[in-house]
Amino acid sequence: MGTRIAIAVSARHAHLSQATLDRVFGPGYELRPRTWLSQTGQFAAQETVTLVGPAGRIQNVRVMGPPRARDQIELSRTDELTLGIEAPVRISGDLAGTPGVVIEGPAGRVSLSSGVISARRHVHMSPQDAERLGVQDGQTVQLKIDSNDRDLVFGDVTVRIAADFRLELHLDTDEANAAGITNGDCGELLIPDRP
C-alpha cells in the first residue's frame with residue numbers, strides 16, 4: 001500500500017547566479033518575491049527573462065529565488081523543442097555536459113555554455129519522512145495517479161532528503177498534463193519492498 005502525497009507542478013523556470021542577475025537586470029540587483037514556495041526559503045520571483053535557443057525563444061520565464069551559485073534552467077521537453085535544445089534528464093545541480101542557452105533581461109543578455117536540464121521527477125522529504133517511509137536519499141520510487149480516465153504510474157521518481165524539505169512530489173508540465181494533474185493534486189507513492 002502506498003502513501004498519499006501532494007504534487008507540485010513545476011513550469012519552466014530559471015535559477016540564476018548573482019553574476020547573471022547583475023548582467024540581465026543590472027548591478028547589485030535583488031530579486032523580489034512574488035510567491036513563496038512550499039520548500040523552505042524558496043520563492044518564485046516577480047522577475048522574468050527570455051530564453052533564446054537555436055530554433056526559437058520563450059518569453060516570461062519565471063526566475064526563482066534566492067540566487068544560486070550556478071545558473072540552472074529547467075525546461076519541459078516541449079520547451080526544449082521550441083528552443084531547439086536537447087537537454088538531459090537530471091537531478092537539480094547535476095549540470096555536467098548540459099547544453100546552454102541565451103538569457104535576455106531588461107539590462108542585457110548572457111550566453112550560458114551549459115546549465116539547461118529537464119528535471120528528473122523527484123520527491124522531497126525530511127529525514128523523519130524518509131525514516132517513516134523506509135527510503136534513502138537517491139532511491140527510486142514510483143507514483144501512482146488516479147485521475148479520471150488518465151490513470152498512470154510514473155517510474156523513475158528520485159527521493160531527495162534534506163532537513164528543510166517538506167514532503168512533496170515535483171513533476172514538470174508535460175508530465176502533469178499527461179496524467180491530467182493540476183497543482184495540489186495527490187498521488188500514491190509506491191515504495192519497493194525492502195529485502
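The values are calculated or read from the model by the stated rules, or taken from the named source; none is laboratory data. Since we're looking at a predicted model, the values are computed, not measured. Because the Cβ atoms are built from the backbone with ideal geometry, glycine has one as well, and the counts that use them run over all protein chains shown.
Quick notes on this one:
- If only residues of region 1-41 that are touching a helix residue (DSSP H, G or I) at 6+ places or on another chain (Cβ under 8 Å) and polar (S, T, N, Q) are counted, the one that is farthest from Arg57 (Cα to Cα) is Thr3.
- Among (1) at pLDDT 95 or above; (2) surrounded by 15 or more Cβ atoms within 10 Å (Cβ to Cβ) - the single one Glu86 does not satisfy: (2)
- Candidates in region 132-143 are the residues that are on the phi < 0 side of the Ramachandran plot and surrounded by fewer than 15 Cβ atoms within 10 Å (Cβ to Cβ); of these, the one that is farthest from the chain's Cα centre (by Cα) is Arg132.
- Checklist (1) part of a loop (DSSP other than H, G, I, E, B); (2) at negative phi applied to Asn148, failing item: (2)
- Candidates Asp164, Asp185 - the one that is exposed (fewer than 15 other Cβ atoms within 10 Å of the Cβ) and of a type outside the set (A, V, I, L, M, F, W, C): Asp164
For every residue, the table says whether it meets (1) of a type outside the set (A, V, I, L, M); (2) assigned by TED's automatic domain parsing to the domain that holds Leu171; (3) touching a residue at least 24 places away in the same chain (Cβ under 8 Å).
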| site | (1), (2), (3) |
| --- | --- |
| Ala19 | no, no, no |
| Val24 | no, no, yes |
| Pro33 | yes, no, yes |
| Trp36 | yes, no, no |
| Leu51 | no, no, yes |
| Arg57 | yes, no, yes |
| Val63 | no, no, yes |
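- Single condition Glu131 does not satisfy, out of (1) assigned to a helix (DSSP H, G or I); (2) over 14 Å from Ile5 (Cβ atoms); (3) touching a residue at least 24 places away in the same chain (Cβ under 8 Å); (4) not hydrophobic (A, V, I, L, M, F, W, C): (3)
- Inter-residue pairs, beta-carbon under 6 Å, first under 20 Å from Leu171 (Cα atoms) and in region 81-105, second among the aromatic types (Phe, Trp, Tyr), 6+ apart: none
- Filter pass, Val123 being under 15 Å from the mean Cα position of the chain (by Cα) and modelled with pLDDT of 95 or more: yes
- Lone unmet requirement of (1) within 20 Å of Arg166 (Cα to Cα); (2) surrounded by fewer than 18 Cβ atoms within 10 Å (Cβ to Cβ); (3) at pLDDT 95 or above for Gly41: (3)
- If only residues of region 44-73 that are within 15 Å of the chain's Cα centre (by Cα) and under 14 Å from Glu104 (Cα atoms) are counted, the one that is surrounded by the fewest Cβ atoms within 10 Å (Cβ to Cβ) is Arg62.
- All positions within region 18-32 that are of a type in the set (Ser, Thr, Tyr) and part of a helix (DSSP H, G or I): Thr20
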